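Working notes, structure below.
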Amino acid sequence: MFRFFENLVDPYADYPVQDTPPQKVLPFIWNYTRVFRGIFVWAVLLSIVVAGIEIGLIWAMGWVVDILSGQPEQVWETHGTTLIVLAVFILVLRPIIQVVDVALLNNAMLPNIGTLIRFRAHSHVLRQSVGWFENDFAGRIANRIMQTPPAVGEVTFQVFDAMTFSIAYVVGAAVLLADADARLILPLLIWVVLYGLLIRWTVLRVSPASKASSDARSKITGRVVDAYTNIHAIKMFAHHDQEMAYAGEAIEHARRTFQREMRLYTTMDVALVILNGLLIVGVVGWAIVLWSQGNASAGAVAAASALVLRLNAMTGWIMWATTSLFREIGVVQEGMETIAQPITLVDADAAKPLQFKEGQIEVSEVSHHYGKDRGGLDAVSLTINPGEKIGLVGRSGAGKSTLVKLLLRFYDVEKGRIMIDGQDIAGVTQDSLRQQIGMVQQDSALLHRSVRDNLRFGRPEASDEEIIEAAKKAQAHDFILDLEDPEGRTGYDAHVGERGVKLSGGQRQRITLARVMLKDAPILLLDEATSALDSEVEAVIQETLYGLMEGKTVIAIAHRLSTIAQMDRILVMDNGRIVEDGTHEVLLAQGGLYAGFWARQSGGFLDPDTDNSTGSAEAAL
């Protein structure tokens, strides 16, 4: 039975992908939950039926009280069949209806709604640009991905479990009281109006208070995850107390926002107790007056009493369900600040896969300042011929990394265009572009997975033999075999920790190199590819890298100038422009910036932020 209801909706089914999700709460929720519309219809109908049964049972109990005023033998003879039918209904049909109602809510809706939203929201966020991630905390993004789906599930649950049921119940109560005496409806209607005003007062305050609390919790998560991610720096600088103060500020802010939210609930509960007292006294008292005047039977008084006592018990639940509904809407609103943000860097409507031919790269009048007035690139033009090896040097902030990011289309150029084999990269699919580019970064972060999984990221279909061969070329195989994680996994099955924290910088960089070797893309980008390696390992890997470069178009960023001295050309960047272009010998002869860098380096390493002489050209050799 459970499996039947759980499989009514497939949360992983194909769906139309949207770059711009709805920006308002209800359209946002409906956009995700429209696949449940059939279940929603049945949930509404069953909720009304269940409420009607509850009202009917109260009426039936009043009827039982009335018929018990006669002789037992006569009662059984006259009403025995009806009583048996009523008992069978209560014992058999009512549980079946209740089971289907509850199963739709608990088994068909709740698990699948949360799963569907979390899966699709994660997919949406993964499609965001690198720049989008650089502008937010990973912890806050993750927190919103985790807390928004259950909040949407709670909203839909309360709508069908509480809202529909309570409306149907109040309408049924009014019908039952009117059947006894129409005047009994008056205190119920007065109570409904006052109750509605109380709900309105609470809801108007709960939603923003809940959003503020949710924002505060996300801030805590962001700061805590930031601390855990940078635990080495915290320990190294002995900043435990400062970090506790930083986190404590967010924790205290969350406590104050939660206090304000809870004050609303306390006020609501006190007002609710007073209202319910008025309801009980008004309806039961009036029913007793009618009975004393001979205008109502004892059964009617009993039914009215049972009804208002049931409403008294329900109102707290209804009020809590209503406030919970709007509290969760506040959580959804906070989550939408992340998971409803439009995808700004998208494939063009008619984008086709990049058709790689030779690997010629053309950069035409490209400017990019990250939306600011300065920084980045300024009218850069450049042609890199197929198979050409280019070295890229310059001071920090000169624009080297920006050029590489634009080539990978992590950002769209603000002006100009970049072509590969005559194709504008803005007009090809992002995946096909990046499949043709292999990159080794200075920050060689790894996934918290096994070494094998990290290596296979370069080429998912690679065999174990190919993975091991790439690791050997990167001088990584021997140390990989010695790895063991806390779970007892060893070698290529060992997990490397978050961002590869369980490995040294050199080990991480060698695995990154092996991954790029395994990918074997025709365009190769190297950003300080050997900066974390010791001299002995670097010397061996340099030979492997030169072999890897054969037949590829290469751009290598380096501060250690000796690593790029043999490149076909060296480009010198300054203030977002290419100011020098030539071979190592030509640039030295020009006596410009490159010659100055070479003259000031020590051991072949460029310190781009200083003008102090630390060595000579001979020292680099």
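Here are a few things to note about the model shown:
- Unit Cα scatterers, Debye sum, the stretch 178-244: log10 I(q)/I(0) for q = 0.28 Å⁻¹: -1.08
- Note on surface exposure: E243, E334 rank E243, E334 by accessible area, highest first, 1.4 Å probe.
- Value of Rg/Rh across the stretch 20-169 [Cα atoms, Kirkwood radius]: 1.25
- Between L194 and D453, residue separation times 0.36 nm minus the direct Cα-Cα distance comes to 87.1 nm.
- For K235, the lysines whose Cα falls under 23 Å of its own Cα, not counting residues fewer than eight places away in the same chain, are K219, K502.
- R0 of 35 Å, Cβ-Cβ distance L278-V99: FRET efficiency to nearest 0.05: 0.45
- Cross-link partners for K372 among the lysines, with Cα-Cα distance under 20 Å and sequence neighbours closer than 8 places in the same chain left out: K400, K405, K415.
- Against the chain, whose longest principal axis is taken from its Cα atoms, helix 464-473 shows a tilt of about 40°.
- Using the Cβ-Cβ distance between R34 and T429 with R0 = 22 Å, the FRET efficiency computed as 1/(1 + (r/R0)^6) comes to roughly 0.20.
- With a 1.4 Å probe rolled over the protein heavy atoms of all chains, the accessible area of T266, T338, T583 falls in the order T266, T583, T338, largest first.
- Note: the stretch 474-528, Cα convex hull, 87 Å³ per residue.
- Positive minus negative residues near T148 (Lys, Arg vs Asp, Glu; Cβ under 14 Å): +2
- Each residue of the stretch 207-212 is assigned a 3J(HN,Hα), and the resulting list reads 4, x, 5, 5, 4, 4 Hz, derived from the Karplus form 6.51 cos²θ - 1.76 cosθ + 1.60 (θ = phi - 60°), x at Gly and Pro.
- Pairs of Cα atoms farther than 50 Å apart, the chain, %: 35
- Between H79 and T583, the contour length at 0.36 nm per residue exceeds the Cα-Cα span by 170.7 nm.
- Distance between the pseudo-spin-label points of K352 and T383 (7 Å out from Cα toward the beta carbon): 2.4 nm.
- What separates the Cα centres of the stretch 62-86 and the stretch 1-34 is a distance of 51 Å.
- Rounded to 10°, Cα long-axis angle of helix 37-67 versus longest principal axis of the chain: 20
- Only protein heavy atoms count here; under a 1.4 Å probe, R223 has an accessible surface of about 40 Å².
- When a 1.4 Å probe is rolled over the protein heavy atoms, the share of accessible surface on the chain that falls to carbon and sulfur comes to 58 percent.
- Net lengthening on full extension, A233/Q293 (0.36 nm per residue, minus Cα-Cα): 13.2 nm
- Cα-Cα pairs of the stretch 286-381 separated by more than 17 Å (percent): 79
- Candidate residues S69, S381, S47: accessible-area rank, largest first, probe 1.4 Å: S69, S381, S47
- With the highest mean first, a sort of the peptides 281-290, 513-522 on other beta-carbon atoms found within 10 angstrom per residue produces 513-522, 281-290.
- Residue-normalised accessible area of the chain, given per residue in Å² at a 1.4 Å probe: 49
- Overall dimensions of the stretch 1-76, expressed as equivalent-ellipsoid semi-axes from the Cα gyration tensor (√(5λ), whole Å, largest first), are 49, 16, 6.
- D347 accessible area, assembled protein chains, probe 1.4 Å, Å²: 60
- Cross-link partners of K519 among lysines (Cα-Cα below 18 Å; sequence separation of 8 or more within a chain): K357, K472, K473, K552
- Antiparallel bridge percentage (DSSP; both residues within the chain; nearest 5): 50
- The order of the peptides 78-89, 405-416 by mean Cβ neighbours within 10 Å, most packed first, is 405-416, 78-89.
- Surrounding net charge for L177, when Lys and Arg each add one and Asp and Glu each subtract one, Cβ distance under 14 Å: 0
- Helix 138-158 vs. the chain, principal-axis angle (Cα, 0 to 90°, nearest 10): 20
- Given a 1.4 Å probe and the protein chains as shown, H477 ends up with an accessible area of around 30 Å².
- Between S504 and S367, the simple spin-label model (points 7 angstrom out along Cα→Cβ) gives 4.7 nm.
- Radius 10 Å from Cβ of L483, net charge of other residues (Lys, Arg +1; Asp, Glu -1): -2
- Note on R256 and D421: the model spin-label points, each 7 Å out from Cα along the C-beta direction, lie 6.0 nm apart.
The values are calculated or read from the model by the stated rules, or taken from the named source; none is laboratory data. Since the model is a prediction, treat every value here as computed from it, not as a measurement. Glycine gets a Cβ as well: all are built from the backbone with ideal geometry, and neighbour counts include every protein chain shown. These accessible areas exclude ligands, DNA and RNA; they are computed on the full protein's heavy atoms, side chains included. Shrake-Rupley method; radii C 1.70, N 1.55, O 1.52, S 1.80 Å.
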